[in-house]
Amino acid sequence: MQLPTHCTLCPRACGADRAAGQTGLCGAGDTLRAARAALHHWEEPCLSGDLEAPTGSGTVFFSGCALGCCYCQNYGISQEGQGRPLTEARLAEIFLELQAKGAKNINLVTATQWLPWVLPALDSARRRGLRLPVVYNTGGYETVQTVQALAGYVDIWLTDFKYDSPALAAELSRAGNYPAVADRALRAMLRQTGAPVYDPEGYLRRGVIVRHLVLPGQAADSQAVLRRLAAVRRQEEVPFLLSLMSQFTPFYHAADHGLGRRITSYEYRKVVDAALALGLTDGYMQEKSSAREEYTPPFDGEGL
């Protein structure tokens, strides 16, 4: 994959000439940047294992993002440009180093804007012995073409489905087309991976995990998201894991958009009950105590 002269890697299709050094709407230009590469213990148990286990998910946090979420807990790297430059060769070494540290998978967080580097780095690492499944950790705002281009590279899609309402998506993430885009992308992911497959230790080797973060005051939209997900599962006839998240913490500009508090137990219970009623019972429900700021790792360049 060549560095784009008219970038359409994400649904923004902003047309930036990144080969000439122009920066896209995602914040990415002509130099790969990341902020952290380490074993991460706060993913779903089928990815990172038990919290007490010495292993974890081999997570690489990339800089930049196609979305503009006002409440992003990783806003320092997603929207404020934090990160360090990397070469393709160094990224391949990082993948192998994470495997040597005992990672159960390679977890690529918000990597789409960097695919011209990430794909050849994966090819290089595999030639040199990388054998771990690759997790693609995404906000769900992906084109079908990008999902299809990742066939043969991605084993596990770890995707958000943030909103059902275009108006809410426009206000909170500056992407009014998010629901329609995420719906098409999810269907492509399911067709690509099929049903979840586990190894003998219970770690996921292939499949799709759909995350939904419940936002304060937005239980009705969360319930609409769940109805949409139930329809996707029924129509595509491919099971997936649902990760229903209660960890919202009012980061960044959240308070400016009416999100200046954590969710209540009542709000979360309403959404959990809706998931159960729709038969979305395969996956994970978070404890309310998961809303803790320390779950956000320091983006200090570890492992780079």
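Of all residues in segment 15-47 being open to solvent by 20 Å² or more (accessible area, probe 1.4 Å) and free of Cβ contacts under 8 Å to residues at least 12 places away in the same chain, which is nearest to Ser57 (Cα to Cα)?
Here the answer is Thr23.
For the condition under 30 Å from Glu80 (Cβ atoms), of a type in the set (D, E, K, R), open to solvent by 50 Å² or more (accessible area, probe 1.4 Å) and over 19 Å from the mean Cα position of the chain (by Cα), what is the one hit in Arg261, Arg234? Lay out the reasoning, then the answer.
On the way: Arg234 fails: under 30 Å from Glu80 (Cβ atoms).
The match here is Arg261.
Which of the residues belonging to segment 217-259 are out of contact with any Leu (no Cβ under 6 Å at 6 or more places or on another chain) and of a type in the set (D, E, K, R)?
Arg227, Arg228, Arg233, Arg234, Glu237, Asp256
Answer with yes or no whether Arg12 is open to solvent by 20 Å² or more (accessible area, probe 1.4 Å), closer than 15 Å to Asp300 by Cα, in contact (Cβ under 8 Å) with a residue 24 or more places away in the chain and not polar (S, T, N, Q).
Details: open to solvent by 20 Å² or more (accessible area, probe 1.4 Å): yes; closer than 15 Å to Asp300 by Cα: no; in contact (Cβ under 8 Å) with a residue 24 or more places away in the chain: yes; not polar (S, T, N, Q): yes.
Here the answer is no, as Arg12 does not meet what is asked.
Hey, Tyr252 hits all of (1) open to solvent by 60 Å² or more (accessible area, probe 1.4 Å); (2) touching a strand residue (DSSP E or B) at 6+ places or on another chain (Cβ under 6 Å); (3) of a type in the set (Phe, Trp, Tyr) but one; which does it fall short on?
Result: Tyr252 passes all but (2).
Select from segment 144-174 the residues that are assigned to a loop (DSSP other than H, G, I, E, B), under 28 Å from Ser48 (Cβ atoms) and either open to solvent by less than 10 Å² (accessible area, probe 1.4 Å) or not charged (D, E, K, R) (or both) and list them in ascending order.
Of the residues in segment 144-174, the ones assigned to a loop (DSSP other than H, G, I, E, B) are 150-155, 161-165, 174.
So of that shortlist, the ones also under 28 Å from Ser48 (Cβ atoms) come out as 150-155, 161-163.
Correct list: Leu150, Ala151, Gly152, Tyr153, Val154, Phe161, Tyr163.
Being open to solvent by 20 Å² or more (accessible area, probe 1.4 Å) and without any contact (Cβ under 8 Å) to a residue 24 or more places away in the chain, is that true of even one residue in segment 107-117? I'd like the intermediate steps shown before the answer.
Narrowing segment 107-117 to residues open to solvent by 20 Å² or more (accessible area, probe 1.4 Å): 110, 117.
If we keep only those that are without any contact (Cβ under 8 Å) to a residue 24 or more places away in the chain too, we end up with none.
For segment 107-117, residues open to solvent by 20 Å² or more (accessible area, probe 1.4 Å) and without any contact (Cβ under 8 Å) to a residue 24 or more places away in the chain: absent.
Scan segment 1-43 for residues that are among the charged types (D, E, K, R) and at pLDDT below 95 and jot them down.
Quick first cut of segment 1-43, residues among the charged types (D, E, K, R) only: 12, 17-18, 30, 33, 36, 43.
Passing the criteria: only Glu43.
Answer yes or no: is there a residue in segment 67-84 that is of a type in the set (A, V, I, L, M), in contact (Cβ under 8 Å) with a residue 12 or more places away in the chain, under 25 Å from Arg131 (Cβ atoms) and out of contact with any strand residue (DSSP E or B) (no Cβ under 6 Å at 6 or more places or on another chain).
Within segment 67-84, not a single residue is of a type in the set (A, V, I, L, M), in contact (Cβ under 8 Å) with a residue 12 or more places away in the chain, under 25 Å from Arg131 (Cβ atoms) and out of contact with any strand residue (DSSP E or B) (no Cβ under 6 Å at 6 or more places or on another chain).
For Ala195, all conditions in the list (1) in a loop (DSSP other than H, G, I, E, B); (2) open to solvent by less than 10 Å² (accessible area, probe 1.4 Å) hold save one; what is the number of the exception?
Among (1) in a loop (DSSP other than H, G, I, E, B); (2) open to solvent by less than 10 Å² (accessible area, probe 1.4 Å), Ala195 violates only (2).
Output the residues belonging to segment 118-130 that are over 13 Å from Thr87 (Cα atoms) and either of a type outside the set (A, V, I, L, M, F, W, C) or touching a residue at least 40 places away in the same chain (Cβ under 8 Å) (or both).
Residues satisfying the conditions are Asp123, Arg126, Arg127, Arg128, Gly129.
Could you give me the residue pairs with C-beta distances under 9 Å whose first residue belongs to segment 262-277 and is assigned to a helix (DSSP H, G or I), whose second residue is open to solvent by less than 80 Å² (accessible area, probe 1.4 Å) and basic (Lys, Arg) wherever it lies, and which are 6+ apart or on separate chains?
Ser265/Lys288; Tyr268/Lys288
Restricting segment 36-82 to residues that are among the charged types (D, E, K, R) and part of a loop (DSSP other than H, G, I, E, B), which is nearest to Asn177 (Cα to Cα)?
Within segment 36-82, the first condition is being among the charged types (D, E, K, R), and the residues that meet it are 36, 43-44, 50, 52, 80.
Within this subset, residues satisfying the condition of being part of a loop (DSSP other than H, G, I, E, B) are 43-44, 50, 52, 80.
Values: Glu43: 27, Glu44: 28, Asp50: 37, Glu52: 40, Glu80: 23 Å.
Per the stated criteria, the residue is Glu80.
Is one or more of the residues making up segment 199-208 over 18 Å from Leu47 (Cα atoms), open to solvent by less than 60 Å² (accessible area, probe 1.4 Å) and hydrophobic (A, V, I, L, M, F, W, C)? Spell out how you get there, then give the answer.
In the first step, residues of segment 199-208 are kept if they are over 18 Å from Leu47 (Cα atoms); the result is none.
Checked segment 199-208: no residue is over 18 Å from Leu47 (Cα atoms), open to solvent by less than 60 Å² (accessible area, probe 1.4 Å) and hydrophobic (A, V, I, L, M, F, W, C).
Quick test for you: out of Gly129, Gly140, pick the one residue that is open to solvent by 20 Å² or more (accessible area, probe 1.4 Å), in a loop (DSSP other than H, G, I, E, B), of a type outside the set (Ser, Thr, Tyr) and modelled with pLDDT of 95 or more. Before you say what the answer is, go through the steps one by one.
Values: Gly140 fails: open to solvent by 20 Å² or more (accessible area, probe 1.4 Å).
After ruling out the rest, the residue left standing is Gly129.
Give all pairs with beta carbons closer than 6 Å in which a residue from segment 177-192 that is at pLDDT 95 or above meets a residue that is in a helix (DSSP H, G or I) and among the acidic types (Asp, Glu); count only pairs at least 6 apart in sequence or on separate chains.
Arg187/Glu236; Leu190/Glu236
The values are calculated or read from the model by the stated rules, or taken from the named source; none is laboratory data. What you see is a predicted model, and the numbers here were worked out from it, not measured in a lab. Glycine gets a Cβ as well: all are built from the backbone with ideal geometry, and neighbour counts include every protein chain shown. We work out accessible area using only protein heavy atoms, side chains counted, and drop any ligands, DNA or RNA first. Shrake-Rupley method; radii C 1.70, N 1.55, O 1.52, S 1.80 Å.
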